[in-house]
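Student: After the structure tokens below, expect a handful of questions from me.
The values are calculated or read from the model by the stated rules, or taken from the named source; none is laboratory data. All figures in this text were calculated on a predicted structure; none of them were measured in a lab. Neighbour counts are summed over all protein chains in view; Cβ atoms, including those assigned to glycine, are modelled from backbone coordinates with ideal geometry.
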Amino acid sequence: MTDDVLVRMAGITKSYPGVAALRGVDFDLRAGEVHCLIGENGAGKSTLIRMLTGAEQPDQGVITIGGQEYTGLRPALAHRLGVSAIYQETDLVPQLTVAENVFLGHEPRGRSGALDRSAMRSEAQRVLDELGVTLPVDAPVSDLTAANAQLVQIAKALSRNCRVLIMDEPGAVLSDHELESLFEIVRSLRARGMAIVYISHRLEELMLIGDRVTVMRDGQWVQTRAVQDTSVPDIIRAMVGRELSDQYTKTTVVGDDVVLSVRGLTLHGHFEDVSFDLKRGEVLGLAGLVGAGRSELLNCIFGVVPADSGTVTLNGRPLRARTPQQAIDAGIGLVPEDRRGAGLILSRSVQENLTLPSLGKLSRGVVVRAKEVAAVCRSFIEELRIKTPSAAQPVRFLSGGNQQKVVLAKWLARGTTVLLLDEPTAGVDVGAKSEIYALMDRLASEGISILMASSELPEVLGMSDRVLVMAEGRLTCELSREEATQEVIMSHAVPTSAAIAS
Ligand SMILES: Nc1ncnc2c1ncn2[C@@H]1O[C@H](COP(=O)(O)OP(=O)(O)OP(=O)(O)O)[C@@H](O)[C@H]1O
Ligand SMILES: [Mg+2]
């Protein structure tokens, strides 16, 4: 690591109506370092990054890039200065090919000004080779896995001669193996002198990849340290401003009666012949690698996609129509992995999102009892510590993790009997995680049954009464809380084909 400061952000301040998102933040970035940016949901990480990419301009403060001072950057200028960002929601165009996406907006052109396709293909190939990855340059991006789509975004940044690469929660959609290859690439970019900002809520990741770490809290800078001079507990303390007690709360209250019964459920190409029972008050963990078919299974139980065969029975009554509306009426709730797409109406307020599915319950005749709606809403904002200036704030303006809490609260407010949770804490900070776990535990002790798909093994182990493991669309084993360990789960999560190959 060298000491060349490439970017210096000084006294950056930014307010939105009712929110002081950044308050005099200082942040600097050296060539050849991975600088991790850490903080609770709503701390201001993404906002700070938007000032650097020129997506928005600060109210106050100065940004220095390569020795030149700027009081406000525009996206085109930031690009020219070599700043590129990769977000979790990719900004690729799914219908275009890999090569077309890499060069979108700066396509190579021949002398006549016409698009030079062969130059584009070979240049794209060169950039991918440089990254050491093999991807079909002519395939549409929609055919790629999330991990590969992310590589295309990196290739796109490199093709623009990027010097500063910002990655906002890149690990959240990746399996362990994919994350390791991403780290390899990040290390090689660092070795070439690139400055990298890495944002993640998984603190173990930053210990593996980071050189320095800056902690933010409530829109303010808290500390910047070399990773080797700090520790995960130290970072957590700086982040949340207090000591966190044990993360998992787990009381076991599983009843004898089966609430949800799934038999022979099949969706060709995704999962085959899945059968299991979920008991009253049980937390059933669904573990597996990314791509094992867990999300599809939850979606299918909820009725988002029709099954090819098999049955779902709730409290002894088969669900026949198999539509989301029927599932909701029967008392099933789904917190989907893709919260922005399926979980929320972004333009509507926190209150509307929270209470939409429960309006039926809270209305008497056609008159919605406004006071009760507001009270329910307030209690959830408090209990889950949803960071918002008011219940009337459009959800679009909430930070990623706070949006996740709204989706969760939405179903809790309705009083479901079965909750299907898909990666319930993805993108959620450590403090809020414990709050979500405590809430899950309370719900289970009130008799609600929870089926939780999660890629975070500690979370599966910490919260489940029983664990199902899925690999390549099939249930490969069932483990009691006592039997379940990281090793046993992983040994059943690896696809058999891969196991034979290795
Ligand atoms: N356009 C906007 N209008 C109103 N408020 C906003 C806007 N953008 C961000 N905010 C608010 O600014 C604060 C900081 O948000 P930001 O997205 O930077 O948090 P974050 O640290 O990235 O959190 P997360 O870990 O959840 O992604 C939050 O309270 C958020 O609600
Ligand atoms: Mg963010």
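Student: Among the residues of region 1-58, what is the count of those that are within 20 Å of Gln393 (Cα to Cα) and assigned to a strand (DSSP E or B)?
Tutor: 7
Student: Let me ask something else. Only residues that are part of a strand (DSSP E or B) and hydrophobic (A, V, I, L, M, F, W, C): list them for region 264-300, please.
Tutor: Once the filter is applied, which keeps residues that are part of a strand (DSSP E or B) and hydrophobic (A, V, I, L, M, F, W, C), region 264-300 yields Leu265, Leu267, Phe271, Val274, Phe276, Leu278, Val283, Leu284, Leu286, Ala287.
Student: Right, another one. Give Leu475, Leu443 a once-over and let me know the one that is of a type outside the set (Ser, Thr, Tyr) and not in a helix (DSSP H, G or I).
Tutor: Among Leu475, Leu443, only Leu475 is of a type outside the set (Ser, Thr, Tyr) and not in a helix (DSSP H, G or I).
Student: Among (1) of a type in the set (A, V, I, L, M); (2) under 26 Å from Asp422 (Cβ atoms); (3) out of contact with any helix residue (DSSP H, G or I) (no Cβ under 8 Å at 6 or more places or on another chain), which single condition is Leu182 missing?
Tutor: Evaluating Leu182 over (1) of a type in the set (A, V, I, L, M); (2) under 26 Å from Asp422 (Cβ atoms); (3) out of contact with any helix residue (DSSP H, G or I) (no Cβ under 8 Å at 6 or more places or on another chain) leaves (3) as the failure.
Student: Has region 453-475 got at least one residue that is in contact (Cβ under 8 Å) with a residue 24 or more places away in the chain, out of contact with any Gly (no Cβ under 7 Å at 6 or more places or on another chain) and within 16 Å of ligand 2 (Cβ to nearest atom)?
Tutor: Checked region 453-475: no residue is in contact (Cβ under 8 Å) with a residue 24 or more places away in the chain, out of contact with any Gly (no Cβ under 7 Å at 6 or more places or on another chain) and within 16 Å of ligand 2 (Cβ to nearest atom).
Student: Which ones in region 11-46 are under 19 Å from the mean Cα position of the chain (by Cα) and closer than 18 Å to Ile65 by Cβ?
Tutor: If the condition is that a residue be under 19 Å from the mean Cα position of the chain (by Cα) and closer than 18 Å to Ile65 by Cβ, then Leu37 is the only one that fits.
Student: Return the residue satisfying two criteria in turn: it lies in region 459-482 and is among the acidic types (Asp, Glu) and either modelled with pLDDT under 95 or in contact with a Phe, Trp or Tyr (Cβ under 8 Å, 6 or more places away or on another chain) (or both), and of such residues it is surrounded by the fewest Cβ atoms within 10 Å (Cβ to Cβ).
Tutor: Among those residues, the one meeting the criterion is Glu482.
Condition check ((1) within 11 Å of ligand 1 (Cβ to nearest atom); (2) within 14 Å of the chain's Cα centre (by Cα); (3) at positive phi) across all residues:
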site	(1), (2), (3)
Ala391	no, no, no
Gln404	yes, yes, no
Gly415	no, no, yes
Glu435	no, no, no
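Student: Here is a further query. Can you list residue pairs whose Cβ atoms sit under 6 Å apart, with the first residue in region 396-419 being closer than 21 Å to Asn315 by Cα and the second being within 11 Å of ligand 1 (Cβ to nearest atom)? Count only pairs 6 or more apart in sequence or on different chains.
Tutor: Here the result reads none, with nothing in region 396-419 linked to a residue that is within 11 Å of ligand 1 (Cβ to nearest atom).
Student: Right, Val83: in contact (Cβ under 8 Å) with a residue 60 or more places away in the chain, aliphatic (A, V, I, L, M) and away from ligand 1 (no atom under 12 Å from the Cβ) or not?
Tutor: Spelling it out, Val83 is indeed in contact (Cβ under 8 Å) with a residue 60 or more places away in the chain, aliphatic (A, V, I, L, M) and away from ligand 1 (no atom under 12 Å from the Cβ).
Student: Within region 126-167, how many residues turn out to be acidic (Asp, Glu) and within 14 Å of Ser188 (Cβ to Cβ)?
Tutor: 2
Student: In region 59-86, how many are among the aliphatic types (A, V, I, L, M), assigned to a loop (DSSP other than H, G, I, E, B) and under 19 Å from Gly11 (Cβ atoms)?
Tutor: Residues flagged as among the aliphatic types (A, V, I, L, M), assigned to a loop (DSSP other than H, G, I, E, B) and under 19 Å from Gly11 (Cβ atoms) within region 59-86 amount to 1.
Student: Six or more apart or on different chains, Cβ under 7 Å: which pairs go from a residue in region 41-57 that's in contact (Cβ under 8 Å) with a residue 60 or more places away in the chain and more than 10 Å from Leu22 (Cα to Cα) to one that's more than 8 Å from ligand 1 (Cβ to nearest atom) and not aliphatic (A, V, I, L, M)? Could you list them?
Tutor: That search, which allows pairs on different chains as well, returns Thr53/Pro75.
Student: Can you tell me which residues in region 173-202 are crowded, with 20+ Cβ neighbours inside 10 Å and within 16 Å of ligand 2 (Cβ to nearest atom)?
Tutor: Residues satisfying the conditions are Val173, Val197, Tyr198, Ile199, Ser200, His201.
Student: What are the residues in region 72-81 that are among the small types (Gly, Ala, Ser) and either modelled with pLDDT under 90 or surrounded by fewer than 19 Cβ atoms within 10 Å (Cβ to Cβ) (or both), if any?
Tutor: Gly72, Ala76
Student: Please state which one of Ser122, Ser112 is outside any helix (DSSP H, G or I) and free of Cβ contacts under 8 Å to residues at least 12 places away in the same chain.
Tutor: It is Ser112.
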